[in-house]
Structures are given as C-alpha cells and as structure tokens.
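*Asks:* Before anything else, here's the structure in question.
The values are calculated or read from the model by the stated rules, or taken from the named source; none is laboratory data. None of the values given here were measured: they were computed from a predicted structure. Every residue, glycine as well, gets a Cβ built from its backbone with ideal geometry; the counts of neighbours run over all protein chains shown.
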6 protein chains.
Amino acid sequence: MVYITRREHFSAAHRLFLPGYTDEENFTVFGKCSNPNWHGHNYILFVTVKGEVDPVTGMIIHLRHVSKLIEEKILNKVDHKNLNLEVDFLQGMVPTSENLATSIWKELEEGIRSLGGMLHCVRIEQSENNIIEYYGE
Amino acid sequence: MVYITRREHFSAAHRLFLPGYTDEENFTVFGKCSNPNWHGHNYILFVTVKGEVDPVTGMIIHLRHVSKLIEEKILNKVDHKNLNLEVDFLQGMVPTSENLATSIWKELEEGIRSLGGMLHCVRIEQSENNIIEYYGE
Amino acid sequence: MVYITRREHFSAAHRLFLPGYTDEENFTVFGKCSNPNWHGHNYILFVTVKGEVDPVTGMIIHLRHVSKLIEEKILNKVDHKNLNLEVDFLQGMVPTSENLATSIWKELEEGIRSLGGMLHCVRIEQSENNIIEYYGE
Amino acid sequence: MVYITRREHFSAAHRLFLPGYTDEENFTVFGKCSNPNWHGHNYILFVTVKGEVDPVTGMIIHLRHVSKLIEEKILNKVDHKNLNLEVDFLQGMVPTSENLATSIWKELEEGIRSLGGMLHCVRIEQSENNIIEYYGE
Amino acid sequence: MVYITRREHFSAAHRLFLPGYTDEENFTVFGKCSNPNWHGHNYILFVTVKGEVDPVTGMIIHLRHVSKLIEEKILNKVDHKNLNLEVDFLQGMVPTSENLATSIWKELEEGIRSLGGMLHCVRIEQSENNIIEYYGE
Amino acid sequence: MVYITRREHFSAAHRLFLPGYTDEENFTVFGKCSNPNWHGHNYILFVTVKGEVDPVTGMIIHLRHVSKLIEEKILNKVDHKNLNLEVDFLQGMVPTSENLATSIWKELEEGIRSLGGMLHCVRIEQSENNIIEYYGE
C-alpha cells in the first residue's frame, strides 16, 4: 500500500455566520471571520490516495487523472468563487475549513475509486498556521 | 546602509471590475478575478526599510515598531475585510495588488520616517506565483 | 472526526549535555549541540487536535482558543528563553526536541480537553531537516 | 513512542517507460515523463524513524547517524545520477516515485534497526505538488 | 513604476560538460553535475516585469498574458526535456543556470515588450540553495 | 553581469544587551531579545555574488567554492555557537542581525574576489518574518 498526494490551490471568498444570529453574536462565535462584507483566502488543498503499486507500471494511479478529477469536481466550482453563495456542495452549511474538507471528501470519493484508488485524506491549509484534515471517518 | 524587512499577513475579499462595464467586459479585462460574488486571498506583505546602523545598539530601527505601525495603519484596516467596500485608502480605485502596493506605500512612508528609517520597498505576494513590488518611484 | 492543526513559533537557547559527563564525553553523545556556551533555534510547533464537527457552527474547536492556550501554557515560558535554565516543565531532563514534544503534550492535554477537543499530535520542527512528532503513546 | 524525521535532497534524471512499448504507447501511459531523452527532478526525501526515548539522553536515535546512513545507502547512489541506468537497487523496475519509495525502504530498514530505531515512513516529494509515502506495508 | 513577478516551474535533465574534455577533466570543472548519464532538476523560474500602472485598470500587464508567453516560449520547450539535446535556444552552450537565465531573457524580452511591459529580471532557482538572477546587462 | 546566490544555515545563541545598562534598560531597548539567559535562532544566510559568465564554462564562479568559503570563514565560527562569546569577528559589538550581515560581508569580501567574483549582497533571515540585507555601502 502506497500513498500518493496531489497539491492544488484555489482562492475564494467566504463569511462564517449563522443566519439567525446578530452580527455581534456571530462575532462572538466566529471572530473576524464573520465580517458581513466577506473576506477570503488562498486555500491549499492536498488530496491523498492510497493503493497497491501496479507491478508493471510502478504506479498506483496516474496523478494527471487525480489532478483532472480535482479540477472538474472541486476547483471549477470553488476557485475565484464565493463559498457561501456559489458552491452547490456547500449549500446549507457554514463554509468553515472543517466543512470544506468533509464536503470535498464526499465529492471526490467515488471518482477516486473509479480511477482505481482509495481516498485516504483531504487536507486544507487555510493559511500557513491553520490546517484541517479529514480521513473519512 | 542596511535593509530590514518585516513580513506580515492578511486575508481579504476583493473583486476586480470597472463600474461602467458589463460582467462580460469585466471578465475580458480581469478574468475570473472579476467574479461579481467576490473571492479572496491570503496576502503576504513585506515592508523593507533602509537606514544606517546605530553604532551603539547595532540596529537601524526596531522591527517591533515597524510591525506595530503596519498593524495600526494597514492590517487593522484590511485583515478579514473587503478591499472594495471597507478600506478607506483604497476608495475609488480597483483593488489590484499593484494599487494595494502603491497605496500601502503612501500609508506607511511618513510613519517609517518618524521611526528614523526610510521606506524602501512594499512587496505583496497575492499567491505563491503572483508577486508585486513598489519602490516609491 | 476531523483534525485541526495550529502552527506557532518560538526561539530559544539550549545545550544538550549530561551533568556528570566531561565536555568530550558530551560531544561524543550529542555532537556540536553540546557546546557549553549554548546555541539556539527557531522552533516551529504544530499542535493537532481531533474532534467531531459541531453541525451548527461547522467547527470542532475555535483555533483562537487553541492558539491562546498554546501561548499561555507554552510560548510564554519558552519563547526567547533558555530551555535548560528557565522552563519549569523541562526541569531535570535534557532539552532535546523529543523531550520538548512529550513535555508540551503533558502541558497541553488537559487544556485541549477542557476546550472540547482531544490532543492528537505535537510536532516540533527544530530545523527544516529535523522533525519530531509525539502522539501521546 | 516518538517519531523523528530527517529531510534530505537529491537531484536525478529518469525516464518512465516500458521497454516493449513504442514511444506513443509510453506517452499514453506515462505522459511527458516518458520523454526518451530523459528529464529530471530535485527530489526531497523524508525518512521517519520511531522509537522509545532514552530516559538518560532524551533521544531515540541520533539524527547524525540517520543522516549518515541515508547518505551512504541512498544519496551516494542516486544524487546527480540517472535512476534508470545507474542505481543498483532500482534495476528492473520503472523508476516512478512509488518504486523509489518502496525501494529506499528496503535499503534503509535494516540499517535503521541496527541503529536502534524502527523505520516508520519513507516520503518522497518529487515536486511541490506530487508526494509519495510508504509505511512498509 | 511597479514590478510584477510570475513564478513558474519546469523539470528537465541536463549535463554540464565540455565536448573536448575527458570525464575526469569535466568532473574537475563541473563536479558531479558532469555525470555522463545525465541528472536533472525541478527548476523554479521567476520572471519580473516592470511598468507603469494603468490608472483605469490598476494593472501594469495582465499576469495571464505573461504566464501564457512563458508557457509558449519557454515551458513548452524545456519542461520534461533534456536541456543539452532538445532545446533550440540552448544549442551550442553548456546548460548551466547562468546560461539558462540569459537565454530565457533573450527569448522573452520582445514578447514582454509587445505586451506593454519591460522585462526586469529572470531568476532561476535550481534548488533551494542555488539561485541565479539576470537583469539584462 | 549575472548574480548567483548560495543559501546556507546556522543555529546560534545570542543576547542583545549593552554592558552598562540594567536588565530593565536593556529590555526597553531590545525587548525579549535581551533575556540574560540567552536565546537563539536558526539563521538562514544568503550570499549573492555577481560576475561575468565565462563563455566557455557558462559559469561565473563555482558555487561549490562559494559554499566552501562560507563554511570556512563563517559557518565553522558561528554554527552551534554563542554569538556574544565565541565569534572573533563579532567581538565588541551587539550581535544583531544588522551587525551580523555587515560583519559577514567583511569576512567574505576578499575571498569572493579571489575566487573571481564580486560580493553583491549578504542576506540574513533571522526568522520567516525578520530579514536583513547588506549591499556593502
């Protein structure tokens, strides 16, 4: 079993808030991430796939295919977008990096399996100092 | 003459567009950075000051003071904010990184001088791959 | 279960040596890290917490609180300090990064639990090339 | 149980191809990595060892010894070399990063054990965006 | 005058040697970079353009166009290629990073000018530790 | 004229203080860098040399020689040392990064010239956020 990871980037706007809360209450829960006028980040996304190495080709799965899948399923929907308003797979939830990671897992899991691998980890670096990982359970 | 640089971070939303243009025209000029629903970045800001080294203390200017000045004049206004809507020193201009760099220069120049140094460079890394520098002329 | 990591920094002096050994013997065991006149490092500290995502807020634990806990329990005691002479939780042991990692775990574990998460990993990067991780067992 | 990681570098040429295939077939399987005139990479190698911390020295294993072992067993054979033509432990296989990781594991496992640790992970970063890990099973 | 930089990557094989020299003589001049079986690198390329900021758009030159120019003129010719054998603009010279930097300058200068900017610097990072810059004079 | 840069590392202890000042006065001037029990850093040192490219070899100066010179003149004296107590070329001055940069310049200038290049810049990164550069004037 070998683990292979692809790193990708996207930039997006978001706001952390609960609709029924006042701005003050949202600030208490989410801090300056609740700014009503939006703010944004450069997100770094790491997708890790595990699988057996093919004894002929020496590969698990071609990273070009993983990269293309991430582009189609995730980057085309989130890059230079507003995570609260424009992303179908984030509707109805607060766009925290925790929810991003678990939602991206759901979007990618089947596609990775159809490429012949198993999704192992979705990692999001919202900044150099704040990192989220989800392993599917 | 020695050069001393302080690195700082901020996260903000923006949109590149010209008010009189249609969305299509804005897309032609600014690409996906013109998304009407905003997007955002983690900006890295480098401020470089030059000056003579004090022969007693071995310092030009204390970086704590530079850091505090950047916090007061810049970070408090832009971090977790919307660069189009909320930043006084960016009013009336498209919030490109070019305009950010020249505007931050204007905000910092006098304060750096009153600390005993000369502002040499404002550098903004909008992403790992896109970098802007302004040297005041 | 989602994993969330906070990155922090500190700079400190240390010396690796055993009190009953001569300088030559200490050099044999610890190499140039045994220099009697001290040396030091910029340490990067990663603290990883695991927990369930709150379905309402989309968060496990607020990273501001983790950051504040690390500041109070660890950074205030080690940043710009001498790890051999000044740090209560390192008394009586050689201040290797291994001992730092296990000691920081002990200092943080209860506080993380009282914030509603579970401490998962303490990681110390003593340099770009030397990294230590402790998972509590 | 504590985990300690040493980072090392090497630069090498390689070509991904199967001898019985035409250039077109190899391009289909391996993409531009199949260029018949070779290409190359700066590889970053992380070797992680686990072990108990010695209560006297506060160390698992001295990283100098790990570094020296990696130099003798791996770097001397692969740095500034052609992975297809010149590396004994890669003979008869396609020099993908997957095969590199599992082969380096085999080369290092016994040496790490004789130093008193257990090999835990071999990680290869072929570029910033493509990462391979092997945990020995 | 503002400076804008685009970062790009490529991976390539090369060998440093002089045709009339023996392998030993080449090793004396070029060290292990003279390995007759090739080796290779991940090169990071930074292209810096200077220009006046357009008062309407707030941009000097669109980085998409710079990126596209670099792709057409440079990356398509060097990425996953052999710098000694396959790159037209490097024929007849030793493919050192110094020659790469000055040659890339020549390939890009006119195209940058036709985009409305002035080429300011070509920077090549052959590794984290070895960096080359050329400013056109 | 091409510029070539070598990156090196060292770790050292230091204390910023003036002998005639009380601990309180030193704290006012130097902040927590004045801790009487020392602290330390991982310093990253960049040495930039400029010169004409040799039309035969395609090199200005071999980086191996620059690296060896830096090791002999600088790293052997400062790595894992106490900058206040043990470094001959820092005697009688406060070991700030400003003084380090100008002192390293003096130590290297003649050696670089005898290798056939001209010293252009000494850059010290005391941390990710604090950077000092000296250009010799």
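*Asks:* So which residues in the range B:13-29 are at pLDDT below 95 and within 18 Å of B:N82 (Cα to Cα)?
*Replies:* Selection gives B:P19 alone.
*Asks:* Hey, among the residues in the range D:1-17 that are outside any strand (DSSP E or B) and not basic (K, R), which one's nearest to D:K77 (Cα to Cα)?
*Replies:* D:L16
*Asks:* Quick check on A:L69: is it in contact with a Pro (Cβ under 9 Å, 6 or more places away or on another chain), more than 7 Å from every other protein chain (Cβ to nearest Cβ) and crowded, with 17+ Cβ neighbours inside 10 Å?
*Replies:* no
*Asks:* So, one more: So is B:F27 of a type in the set (A, V, I, L, M, F, W, C) and more than 17 Å from B:S11 (Cβ to Cβ) or not?
*Replies:* Here the answer is yes, as B:F27 does meet what is asked.
Per-residue answers, yes or no, for (1) touching a residue at least 40 places away in the same chain (Cβ under 8 Å); (2) of a type in the set (G, A, S); (3) more than 9 Å from chain D (Cβ to nearest Cβ):
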site: E:R6; (1), (2), (3): yes, no, yes
site: E:A12; (1), (2), (3): yes, yes, no
site: E:G20; (1), (2), (3): no, yes, yes
site: E:F27; (1), (2), (3): no, no, yes
site: E:G51; (1), (2), (3): yes, yes, yes
site: E:D54; (1), (2), (3): no, no, yes
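*Asks:* All but one of (1) of a type in the set (A, V, I, L, M); (2) closer than 30 Å to B:T22 by Cβ; (3) in contact with a Gly (Cβ under 8 Å, 6 or more places away or on another chain) hold for B:A101; which doesn't?
*Replies:* (3)
*Asks:* Hey, does the range C:76-89 have a residue that's within 28 Å of A:E98 (Cβ to Cβ), modelled with pLDDT of 95 or more and of a type in the set (V, I, T)?
*Replies:* no
*Asks:* Going by the conditions given, is F:R113 surrounded by fewer than 17 Cβ atoms within 10 Å (Cβ to Cβ), modelled with pLDDT under 95 and not hydrophobic (A, V, I, L, M, F, W, C)?
*Replies:* no
*Asks:* Please state which of the following conditions B:W38 fails to meet, knowing it meets all the rest: (1) more than 7 Å from every other protein chain (Cβ to nearest Cβ); (2) more than 14 Å from the chain's Cα centre (by Cα).
*Replies:* Evaluating B:W38 over (1) more than 7 Å from every other protein chain (Cβ to nearest Cβ); (2) more than 14 Å from the chain's Cα centre (by Cα) leaves (1) as the failure.
*Asks:* Which of (1) within 30 Å of F:G31 (Cα to Cα); (2) surrounded by fewer than 22 Cβ atoms within 10 Å (Cβ to Cβ); (3) among the polar types (S, T, N, Q); (4) within 12 Å of another protein chain (Cβ to nearest Cβ) is the odd one out, the single condition F:S97 does not satisfy?
*Replies:* If we test F:S97 against (1) within 30 Å of F:G31 (Cα to Cα); (2) surrounded by fewer than 22 Cβ atoms within 10 Å (Cβ to Cβ); (3) among the polar types (S, T, N, Q); (4) within 12 Å of another protein chain (Cβ to nearest Cβ), just (2) comes out false.
*Asks:* Checking F:N84 against (1) among the polar types (S, T, N, Q); (2) within 8 Å of another protein chain (Cβ to nearest Cβ); (3) surrounded by fewer than 22 Cβ atoms within 10 Å (Cβ to Cβ); (4) touching a Lys or Arg at 6+ places or on another chain (Cβ under 7 Å), which single condition isn't satisfied?
*Replies:* (2)
*Asks:* Give the residue, chosen from E:L45, E:L63, that is modelled with pLDDT under 95 and either closer than 19 Å to B:E128 by Cα or surrounded by fewer than 17 Cβ atoms within 10 Å (Cβ to Cβ) (or both).
*Replies:* E:L63
*Asks:* May I ask you to list the residues in the range B:23-42 that are farther than 17 Å from A:N42 by Cβ and of a type in the set (F, W, Y)?
*Replies:* Those that are farther than 17 Å from A:N42 by Cβ and of a type in the set (F, W, Y): B:F27, B:F30.
*Asks:* So, one more: Give the residue that is nearest to A:Y43 (Cα to Cα), with candidates limited to residues of the range A:1-17 that are of a type in the set (A, V, I, L, M, F, W, C) and buried (at least 20 other Cβ atoms within 10 Å of the Cβ).
*Replies:* Result: A:F10.
*Asks:* Another question about this same structure. Report yes if A:V2 is out of contact with any Lys or Arg (no Cβ under 6 Å at 6 or more places or on another chain) and either within 11 Å of chain B (Cβ to nearest Cβ) or within 29 Å of C:H65 (Cβ to Cβ) (or both), otherwise no.
*Replies:* no
*Asks:* Which members of the range A:92-109 meet the condition of being β-branched (V, I, T) and not in a loop (DSSP other than H, G, I, E, B)?
*Replies:* A:T102, A:I104
*Asks:* Also, I was wondering about something else. Please go through the range E:36-60 and give me each residue that is more than 17 Å from E:I4 (Cα to Cα) and assigned to a loop (DSSP other than H, G, I, E, B), ordered by number.
*Replies:* Within the range E:36-60, E:P36, E:N37, E:W38, E:V56 meet the criteria.
*Asks:* Filter the range D:18-35 down to the residues that are assigned to a loop (DSSP other than H, G, I, E, B) and surrounded by fewer than 21 Cβ atoms within 10 Å (Cβ to Cβ) and list them by number.
*Replies:* D:L18, D:P19, D:G20, D:Y21, D:T22
*Asks:* Here is a follow-up. Looking for something aliphatic (A, V, I, L, M), within 29 Å of F:E8 (Cβ to Cβ) and assigned to a loop (DSSP other than H, G, I, E, B) - is there at least one such residue anywhere in the range E:69-91?
*Replies:* yes
*Asks:* Something else now. May I ask you to list the residues in the range D:100-137 that are among the polar types (S, T, N, Q), within 11 Å of chain A (Cβ to nearest Cβ) and free of Cβ contacts under 8 Å to residues at least 24 places away in the same chain?
*Replies:* Scanning the range D:100-137 gives D:S103, D:N129.
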